[in-house]
1. Looking at S235, S276, S305, S265, which one is of a type in the set (S, T, Y) and modelled with pLDDT under 95?
2. Do we have any residue at all in the stretch 136-151 that's small (G, A, S) and within 27 Å of the chain's Cα centre (by Cα)?
3. Suppose we filter the stretch 34-61 for residues that are outside any loop (DSSP other than H, G, I, E, B) and away from the ligand (no atom under 14 Å from the Cβ); how many remain?
4. Of the residues that make up the stretch 254-263, is at least one closer than 27 Å to F102 by Cβ, exposed (fewer than 14 other Cβ atoms within 10 Å of the Cβ) and assigned by TED's automatic domain parsing to the domain that holds I397?
5. List the number of the failed condition for G335; all other conditions in (1) under 19 Å from F24 (Cα atoms); (2) over 18 Å from the mean Cα position of the chain (by Cα) hold.
6. Within the stretch 221-245, which residues are on the phi > 0 side of the Ramachandran plot and within 15 Å of the ligand (Cβ to nearest atom)?
7. Answer yes if at least one residue in the stretch 285-299 is within 16 Å of the ligand (Cβ to nearest atom), touching a strand residue (DSSP E or B) at 6+ places or on another chain (Cβ under 7 Å), in contact (Cβ under 8 Å) with a residue 24 or more places away in the chain and more than 18 Å from R191 (Cβ to Cβ), and no otherwise.
Amino acid sequence: MTQHQAQRDFDIVIVGGGIVGLSFACELAASDFTVAVVERNELKAVGEEPDCRVSAINRFALQRFKQSGKQTKVWQSALAKRACVFDKMFVWDQTGAGQIQFDSVELGVAELGVIIENNVLQHMLLETVKAADNISYLCPEEIVELAYPQTTDESAVSVITLSSGEQLSAKLLVGADGANSKVREIASIQRTQQSYQQQGLVCNVATSEGHQHTAWQCFMPTGPLAFLPLYNGYSSIVWSLDEGLAQDYLALDDDAFKHVLAQQSEFKLGEITDVSQRFLFPLAHGHATDYVKPGLALIGDAAHSIHPLAGQGANLGIADAVALADVISSAKKAGRQWNALHTLSKYQRQRKGANKVMEMSMTGFKELFGQENTLIAEMRNAGLMIVDHLPGLKYRIIKQALGV
Ligand SMILES: Cc1cc2nc3c(=O)[nH]c(=O)nc-3n(C[C@H](O)[C@H](O)[C@H](O)COP(=O)(O)OP(=O)(O)OC[C@H]3O[C@@H](n4cnc5c(N)ncnc54)[C@H](O)[C@@H]3O)c2cc1C
């Protein structure tokens, strides 16, 4: 450390300024905690064309964002116009007649959620973070050294040395640094990790029938394919494919790819009339054995990652951020030790079970719809039809996805 770079002391240092790290910071924007967010990559600028990495953000998360962004009015800005509302979901099984439809009108709500580009959402969250007096956003900053005290002594702090030479101290260190979390590693928290041996092929497409503000999901034996509606009338696709097939589809020329995609999606959105560049993302799921230690907590993909088939990964992480912020804020207000293990364990109790259930459900869905056995396929299709005609059960399922 050079002489002019003194250590800065914070209540909370968040490592990782992805969707989840920034959501957590936004939750703390009106608090009396002093907070630093350390992010290594500068945020990608918002382009003319929609980016290929998008997220389906559920009603719960959307309401929290609107609440925390009230001061900055960011949800009334031009950026907010890049969020596309979807009010229907249509799910079908390619191997039969099974299908199920969810409609916001039947649920009595205005929308099921929005589809938004990840970098647009991050820019919006960042506006709130930068406007908050109690938050320092440090980017681009790499962590050179991270000393976590590994003690139950509540006055012990973590010390983080950044690439600029600056040192930070934190009473609570929060790992929001994604699936390969360094914070998790430094804290010696184990994680189960399993690859699906699949890649997610993502790109944006135009379709002759338009997207109709509907999130479309087709289950096929090779993996699920989703069409998510975008603000400019295009749809973002996420197609889970075995590694070999993913590479084959990536290598196709645009016309051949458009043809395969239209055929495989059974022309539900008509012909594919335009396609952007395609990208692949490896698909895996994993779970940390613990989310918390004294003076340390993991949120988002640092704690758990799931199959993207229901678009729930970021939503679960945002729910973690909300729960952790609530737990430490209530403890502080009540004059309790807000960074102690017994306080942080409350956050783990609130979130771990729900996240585990979602992880197992996604893996179960993927396995179930990957079965080509005729009997299982028939039962699966019949099951979808039955659920579609049982409003009570159907809306219990969708409420889970909406986070309400
Ligand atoms: C193809 C695909 C489609 C998906 N679709 C959806 C969807 O529709 N809806 C949904 O809810 N979820 C979806 N997900 C899941 C979702 O993208 C993730 O769950 C979510 O982005 C995780 O956010 P995060 O902030 O926890 O982690 P990340 O997005 O991984 O962010 C971690 C951040 O930490 C930073 N970082 C890492 N290490 C360090 C370090 N040492 N120092 C400083 N900074 C560091 C990184 O640069 C990054 O910005 C999808 C996932 C995939 C693969």
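The values are calculated or read from the model by the stated rules, or taken from the named source; none is laboratory data. A quick note: this is a predicted structure, and the numbers were derived from the prediction, not measured. Every residue, glycine as well, gets a Cβ built from its backbone with ideal geometry; the counts of neighbours run over all protein chains shown.
1. Working: S235 fails: modelled with pLDDT under 95; S276 fails: modelled with pLDDT under 95; S265 fails: modelled with pLDDT under 95.
Of the residues listed, the single one that is of a type in the set (S, T, Y) and modelled with pLDDT under 95 is S305.
2. yes
3. Filtering the stretch 34-61 for residues outside any loop (DSSP other than H, G, I, E, B) gives 35-38, 54-61.
Next, from what is left, pick out any that are away from the ligand (no atom under 14 Å from the Cβ): 35.
Residues in the stretch 34-61 being outside any loop (DSSP other than H, G, I, E, B) and away from the ligand (no atom under 14 Å from the Cβ): 1 in total.
4. yes
5. Of the numbered conditions (1) under 19 Å from F24 (Cα atoms); (2) over 18 Å from the mean Cα position of the chain (by Cα), the odd one out for G335 is (1).
6. Correct list: G223 only.
7. Scanning the stretch 285-299, I find no residue that is within 16 Å of the ligand (Cβ to nearest atom), touching a strand residue (DSSP E or B) at 6+ places or on another chain (Cβ under 7 Å), in contact (Cβ under 8 Å) with a residue 24 or more places away in the chain and more than 18 Å from R191 (Cβ to Cβ), so the answer is no.
Each row is one residue, and each column tells you yes or no for (1) at pLDDT 95 or above; (2) part of a helix (DSSP H, G or I); (3) β-branched (V, I, T); (4) surrounded by fewer than 18 Cβ atoms within 10 Å (Cβ to Cβ).
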position: I100; (1), (2), (3), (4): no, no, yes, no
position: V105; (1), (2), (3), (4): no, yes, yes, yes
position: I115; (1), (2), (3), (4): yes, no, yes, no
position: L121; (1), (2), (3), (4): yes, yes, no, no
position: L126; (1), (2), (3), (4): yes, yes, no, no
position: D133; (1), (2), (3), (4): yes, no, no, yes
position: Y137; (1), (2), (3), (4): yes, no, no, no
position: P140; (1), (2), (3), (4): yes, no, no, yes
